[in-house]
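A short worksheet on the structure shown next.
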Amino acid sequence: QSFFAERFFALFDSEGKGSLSLAELLRSLRGLLQGSETEKLVPLLRVYDVDAGVPEHPLRCPPPGSGSIDPDELRVVLGWCLRESSLDLSPQRLGDLTRSLFEAADKDRSGSITFEELREELEAFPEVMENLTISAASWLKPPGPPVPPPRPRILTRGFWQNRAGSLGCLGAFAALNLLLFTTGALQHPGWVALARGCGQCLNFNCAFLAVLMLRRCLTWLRTTPLAQLLPLDQHVGLHQLVGYLVLVLGATHTGAHLANVSRMVEQDGDRDKLGGLARYLLSSGAGAGGLGDTAPQTGLALQGLLVTMLIFSSPCVRSRGHFELFYWTHLSYISIWTLLLFHGPHFWKWFLVPGSLFTLEKVLGLAWRRAGGLHIVEVNLLPSQVTHLVIQRPPGFHYKPGDYIYLNIPAIASYEWHPFTISSAPEQPETLWLHIRSLGQWTHKLYQYFQQPQLPNPEPKPLRKILGERRQRRWVQVGAGCSPGMDGTHRICSVQCFIDGPYGTPTRRIFSSEHAVLIGAGIGITPFASILQSIMYRYQRRKQNCPSCHYSWCEDLQDGEMMLRKVDFIWINRDQKHFEWFVSLLTKLELEQAEEEPGGRFLEMHLYMTSALGRNDMKAIGLQVALDLLAAKEQRDSITGLRTRTQPGRPDWSKVFGKVAEEKRGKVQVFFCGSPALAKVIRGHCEHFGFQFFKENF
């Protein structure tokens with residue numbers, strides 16, 4: 001912002017000539033880096049003393065008569081600090097911040113803050129002096145000593161601990177493919193050996209592709225001991241890997257057969273090689289292979305379908321909103337499996353069990369979708385284009401915290417099904433909650449659809465009236481991501497929808513953990529919203545009250561279903577408005593733990609706002625000190641209204657995980673939902689500390 005640009009320029013322009021030389025800039029920065037504490041505080045006073053004159057040197061005291069800060073000056077500077085940090089507080093809250101900082105610093109109640117009073121107040125925040133140095137150092141970074149290369153992550157215990165299941169299964173998968181290739185190739189010579197070896201591998205991998213998408217079977221496997229050994233959380237990534245492998249094996253298989261045919265044409269003395277190849281590929285002949293000797297024709301068709309599926313499954317197609325291209329081309333798996341049954345005489349043996357399970361799952365899914373027509377009964381449009389849907393809960397619909405469903409809304413797109421995490425707790429009986437961020441074509445249409453002033457309004461069913469009355473009670477009892485009554489953002493409706501699921505995710509492991517660290521980035525909080533609500537329902541059931549003194553405590557939460565001793569919840573958001581998505585839920589969680597438990601808090605929340613300037617920025621020091629003082633006075637954060645103080649900037653993961661390790665509350669497992677780039681960073685720190693890491697994938 002121009003305000004701070006002008007203040008810093010005036011600070012360094014010691015001669016007041018309207019320009020800076022390199023010597024002036026270096027001299028000023030050298031003073032901030034190497035000067036005494038007093039010399040470092042003088043520039044800070046100069047920035048906040050808006051009407052002060054220009055000193056002869058930026059590290060000397062200002063001229064007499066302008067060496068203090070009055071309330072109006074402090075309010076102006078704090079207002080610009082809020083703009084720099086992308087914070088939107090009311091004028092009243094800005095006045096409260098100004099008053100809290102001014103009253104704390106104005107020791108003699110003279111109506112202004114002198115240099116000595118400023119220094120005395122900042123002595124209560126020892127990190128401020130260090131931050132002044134860091135802030136200046138970021139302007140001038142001389143080359144430091146060479147940093148020794150870090151220890152290769154592959155040599156750490158955490159690396160193998162987090163990847164043991166994946167690496168073991170990949171090794172077994174590679175060994176099995178090698179064995180199949182060898183057994184298929186040994187019985188044949190030349191190019192035929194290569195073709196038959198690849199064909200044997202294709203029999204297995206084309207059937208294995210179906211296994212990797214048996215979502216109901218995979219969800220059931222999560223409840224068995226095999227979940228500790230198999231990489232069930234990476235089934236989508238493994239499906240993609242096997243798909244690429246099938247394409248490579250198919251191309252090699254086809255190329256080897258073509259090379260063999262070319263060799264045979266040459267042996268027959270046919271000079272027209274292309275004609276011989278064309279006759280082989282386009283006409284059925286005895287000994288060509290496959291059902292009815294149609295192997296060449298079905299092989300070419302298979303290769304074309306596989307290439308088409310690969311092209312339209314690429315991220316560049318899906319990320320540009322062309323989901324329908326991905327969806328319709330992926331439906332060609334029906335044609336591929338049918339052609340494989342005609343092409344390979346032994347494929348049916350591999351496909352019998354996986355194909356039967358896949359067909360059974362599809363039939364059950366279709367039956368459920370046909371019989372389970374539901375309605376969206378309530379919608380809240382939240383900041384940053386997040387749509388909060390409240391859906392009827394079907395009878396007998398059982399799920400675990402953190403599970404996801406596939407959602408279809410015919411009014412948006414009749415054939416599109418998209419996965420979304422259920423953000424309500426299983427203990428909530430009548431409805432399901434979904435929080436959907438507008439990030440793609442379908443989700444944008446969803447948000448825009450419910451923005452319309454007039455929606456198609458079929459005759460409401462009696463159930464909706466019953467749910468409406470019950471919801472009014474539940475808003476008070478349970479809390480929600482958005483309060484009713486907001487203008488234009490909340491409405492009661494009756495929009496038809498279908499769901500398919502539920503399906504399990506890595507977060508099912510949370511209740512068998514001892515110390516769980518839940519990290520959500522932005523809308524990545526949704527699986528943890530369901531989990532936190534479920535935890536607090538169980539917490540309430542175990543809460544005891546003394547009838548005499550009204551003292552309350554919670555019995556041991558560990559039982560056969562939940563082994564948790566401690567939960568750390570970390571939510572990282574870009575700006576202030578994103579916290580409004582679940583602020584009511586977080587407020588309720590804090591109220592449930594208003595009193596400190598004998599063994600320390602069971603649930604600790606850590607909130608970070610990345611757009612806010614950190615404490616190592618000179619422009620934010622006064623604002624952060626004021627926020628700290630006001631939070632201590634009011635017992636609530638000015639940004640979110642929670643008791644938990646919102647930290648500026650990004651988390652220092654080394655410090656965060658170091659503190660978790662020091663608590664020694666049991667085996668630590670870290671669960672993350674958010675961007676892949678941040679997942680990579682957190683995974684690296686988890687491996688350093690020896691924590692297990694799980695990322696939400698579906």
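The values are calculated or read from the model by the stated rules, or taken from the named source; none is laboratory data. On a predicted model such as this, the values are computed, not experimentally measured, just so you know. Cβ placement follows ideal geometry from the backbone for every residue including glycine, while neighbour counts extend to all protein chains displayed. Note: accessible area is taken over every heavy atom of the protein model, side chains too, but ligands, DNA and RNA are not part of it. Shrake-Rupley method; radii C 1.70, N 1.55, O 1.52, S 1.80 Å.
Some observations on this one:
- Check on residue 432, of a type in the set (A, V, I, L, M, F, W, C), modelled with pLDDT of 50 or more and touching a strand residue (DSSP E or B) at 6+ places or on another chain (Cβ under 6 Å): yes
- Taken residue by residue, region 83-93 has at least one member that is under 20 Å from residue 637 (Cβ atoms) and buried (at least 19 other Cβ atoms within 10 Å of the Cβ).
- Residue 658 meets all of the listed conditions (1) in a helix (DSSP H, G or I); (2) touching a Pro at 6+ places or on another chain (Cβ under 9 Å) but one, namely (2).
- When region 100-112 is filtered for residues that are touching a helix residue (DSSP H, G or I) at 6+ places or on another chain (Cβ under 8 Å) and either within 11 Å of residue 629 (Cβ to Cβ) or without any contact (Cβ under 8 Å) to a residue 40 or more places away in the chain (or both), the ones remaining, listed by number, are 100, 101, 102, 104, 105, 106, 107, 108.
- Residue match in region 287-298 (condition: in contact with a helix residue (DSSP H, G or I) (Cβ under 9 Å, 6 or more places away or on another chain), at pLDDT 75 or above and open to solvent by 30 Å² or more (accessible area, probe 1.4 Å)): yes
- Taken over region 632-647, residues that are open to solvent by 20 Å² or more (accessible area, probe 1.4 Å) and part of a strand (DSSP E or B) amount to 1.
- Some residue of region 649-665 being over 22 Å from the mean Cα position of the chain (by Cα) and among the hydrophobic types (A, V, I, L, M, F, W, C): yes
- Contact annotation: residue pairs with Cβ atoms under 6 Å, 6 or more positions apart or on different chains, pairing a residue in region 670-698 that is farther than 22 Å from residue 239 by Cβ with a partner that is part of a loop (DSSP other than H, G, I, E, B) and β-branched (Val, Ile, Thr), are 687/156.
- Identity of the residue in region 159-208, aromatic (Phe, Trp, Tyr) and farther than 25 Å from residue 688 by Cβ, that ends up most open to solvent (accessible area, probe 1.4 Å): 191
- Residue within region 673-683 that is touching an Asp or Glu at 6+ places or on another chain (Cβ under 8 Å) and β-branched (Val, Ile, Thr) present: no
- Residues (farther than 20 Å from residue 8 by Cα and over 31 Å from the mean Cα position of the chain (by Cα)) located in region 72-93: 91, 92, 93
- Positions within region 654-671 being farther than 12 Å from residue 514 by Cβ and in contact with a Cys (Cβ under 9 Å, 6 or more places away or on another chain), in sequence order: 657, 670
- Near pairs, Cβ below 7 angstrom, 6+ apart or cross-chain, from region 419-442 (without any contact (Cβ under 8 Å) to a residue 60 or more places away in the chain and over 18 Å from residue 503 (Cα atoms)) to any residue that is open to solvent by 10 Å² or more (accessible area, probe 1.4 Å) and outside any loop (DSSP other than H, G, I, E, B): 430/470; 438/444; 438/447
- Which numbered condition residue 44 misses (of (1) modelled with pLDDT of 70 or more; (2) of a type outside the set (Phe, Trp, Tyr); (3) surrounded by fewer than 20 Cβ atoms within 10 Å (Cβ to Cβ)): (3)
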